[in-house]
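*Asks:* Input: one structure, supplied below.
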Amino acid sequence: DTAVSQTPKYLVTQMGNDKSIKCEQNLGHDTMYWYKQDSKKFLKIMFSYNNKELIINETVPNRFSPKSPDKAHLNLHINSLELGDSAVYFCASSQQGNYGYTFGSGTRLTVV
Amino acid sequence: QQQVKQSPQSLIVQKGGISIINCAYENTAFDYFPWYQQFPGKGPALLIAIRPDVSEKKEGRFTISFNKSAKQFSLHIMDSQPGDSATYFCAASMRGSYIPTFGRGTSLIVHP
């Protein structure tokens with residue numbers, strides 16, 4: 001299936017831990033993104049990345065960092081997790097110059 | 001700064017009724033207006049989109065109405081079905097950026 005896939009789907013961890021969420025797309029898109037969806041369903045972009053440029057939403061704490069081993073993968077690393085990081089995180093992809101966006105199914109992160 | 005305002009926050013409709021969700025934008029540089037549908041446990045998925053050179057676009061039971069002078073657009077769901085129960089997001093994008101600015105979402109419940 002052509003898709004954007006994320007792992008894990010659920011992640012429960014303690015405050016202060018470091019965790020990663022993986023994202024892979026097989027759509028041949030050249031740009032990938034991370035979004036945070038809070039409890040009120042608001043979608044906030046965190047990062048936009050292609051092989052040329054990383055664009056960071058300035059409101060994102062530097063505890064969050066994207067890592068891209070190749071253009072089909074964009075992983076999200078989070079250091080020193082805090083309670084307020086609890087949310088659903090979505091990976092998405094698109095082709096540069098194209099409006100079409102494809103989202104993954106999300107990773108529900110719960111920090112306890 | 002919220003550039004796309006969406007209302008209502010929640011909507012309850014009887015089966016067979018019409019669901020209407022409204023959005024207003026501020027930036028006249030926006031030139032692509034998609035609607036996304038999100039089911040519980042899934043990522044948002046593109047439902048229908050419109051460009052500002054037309055006033056209406058219809059796909060099946062879903063219609064976007066667009067008023068460029070008022071900077072408003074709306075989603076109409078005709079003959080609403082329980083399977084339409086989901087969260088709906090309007091969004092707006094512009095050439096050059098292509099990253100959508102999302103509204104805050106509308107939770108739609110269609111009662112059988």
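The values are calculated or read from the model by the stated rules, or taken from the named source; none is laboratory data. The model shown is predicted, which means the values in this text are computed figures rather than measured ones. Because the Cβ atoms are built from the backbone with ideal geometry, glycine has one as well, and the counts that use them run over all protein chains shown. Surface accessibility is based on the protein's heavy atoms, side chains included, excluding ligands, DNA and RNA. Shrake-Rupley method; radii C 1.70, N 1.55, O 1.52, S 1.80 Å.
*Asks:* Can you run phi through the Karplus equation (6.51, -1.76, 1.60; θ = phi - 60°) for the stretch B:71-84 and list ³J(HN,Hα) in whole Hz, with x for Gly and Pro?
*Replies:* 6, 9, 8, 9, 10, 10, 10, 7, 6, 4, 10, x, x, 7
*Asks:* A further question on this structure: Going toward the positive end of the dipole of the protein assembly as shown, with +1 on Lys and Arg Cβ and -1 on Asp and Glu Cβ, which of A:Ala92, B:Ser93, B:Ser69 do you reach last?
*Replies:* About the Cα centre, the residue reaching furthest to the positive side is B:Ser69.
*Asks:* Only four residue types carry charge here, +1 at the Cβ of Lys and Arg and -1 at the Cβ of Asp and Glu. Report the dipole size of the protein assembly as shown about the Cα centre in Debye, rounded to the nearest 20.
*Replies:* 260 debye
*Asks:* Could you check the simple spin-label distance between B:Phe39 and A:Glu82, using points 7 Å along Cα→Cβ, in nm with one decimal?
*Replies:* Taking the two extended label points, one gets 3.6 nm.
*Asks:* Quick one: dipole size for chain B, taken about the Cα centre, charges +1 on Lys/Arg Cβ and -1 on Asp/Glu Cβ, in debye to the nearest 20.
*Replies:* 80 debye
*Asks:* Within chain A, what percent of beta bridges assigned by DSSP are antiparallel, to the nearest 5?
*Replies:* Antiparallel bridges: around 90 percent, rounded to the nearest 5.
*Asks:* Just to confirm my numbers, what's the Cα centroid distance between the stretch B:96-112 and the stretch B:37-54 in Å?
*Replies:* Here the answer is 7 Å between Cα centres.
*Asks:* Sticking with this one: Can you give the relative contact order of chain A as a percent, counting alpha carbon pairs under 8 Å and 6+ residues apart?
*Replies:* Value for chain A: 38 percent.
*Asks:* On each of the three principal axes of the Cα atoms of chain A, give max minus min coordinate, whole Å, ordered largest first.
*Replies:* Its Cα atoms span 39, 29, 27 Å along the three principal axes.
*Asks:* Which whole-number percent is the relative contact order of the stretch B:32-112 (Cα, under 8 Å, 6+ apart)?
*Replies:* Reported as a whole number, the value is 28 percent.
*Asks:* Which value in Å does the Kirkwood hydrodynamic radius of the protein assembly as shown take, with 1/r averaged over all unlike C-alpha pairs and then inverted?
*Replies:* For the protein assembly as shown, inverting the mean 1/r across all distinct Cα pairs yields 18.2 Å.
*Asks:* With charges set only on the Cβ (+1 for Lys and Arg, -1 for Asp and Glu), what does the dipole of chain A come to about its Cα centre, in debye to the nearest 20?
*Replies:* Charge dipole, chain A, about its Cα centre: 220 debye, nearest 20.
*Asks:* Still on this structure, I have one more. Can you compute the radius of gyration and Dmax for the stretch B:1-92, using only the Cα atoms, both in Å?
*Replies:* Cα only, the stretch B:1-92: 12.8, 37 Å (Rg, Dmax).
*Asks:* 7 Å from Cα along Cα→Cβ at both A:Ala72 and B:Ala29: what's the point-to-point distance in nm?
*Replies:* For A:Ala72 paired with B:Ala29, the spin-label model returns 3.5 nm.
*Asks:* Tell me, what % of the accessible area of the protein assembly as shown is carbon and sulfur with a 1.4 angstrom probe?
*Replies:* 49 percent
*Asks:* Here is the link list: A:Lys36/B:Lys42; A:Lys22/A:Lys67; A:Lys41/B:Lys5; A:Lys44/B:Lys42; A:Lys19/A:Lys67; B:Lys15/B:Lys57. Which ones come out longer than 20 Å on Cα distance?
*Replies:* Over 20 Å Cα-Cα: B:Lys15/B:Lys57.
*Asks:* Then there's this: Excluding ligands, DNA and RNA, what is the accessible area buried between chains B and A, summed over both sides, using a 1.4 Å probe, to the nearest 100 Å²?
*Replies:* Rounded to the nearest hundred, the buried surface is 1700 Å².
*Asks:* Related question: Restricting attention to the stretch A:10-112, which GluC sites (Glu not before Pro) occupy a DSSP loop and are surrounded by at most 15 other Cβ atoms within 10 Å?
*Replies:* For GluC sites (Glu not before Pro) across the stretch A:10-112 that sit outside H, G, I, E and B with at most 15 neighbouring Cβ atoms in 10 Å, the list reads A:Glu53, A:Glu58, A:Glu82.
*Asks:* Which net charge results when you count Lys and Arg as +1 and Asp and Glu as -1 among the other residues whose beta-carbon is under 15 Å from that of A:Lys52?
*Replies:* Summing Lys and Arg as +1 and Asp and Glu as -1 gives -2.
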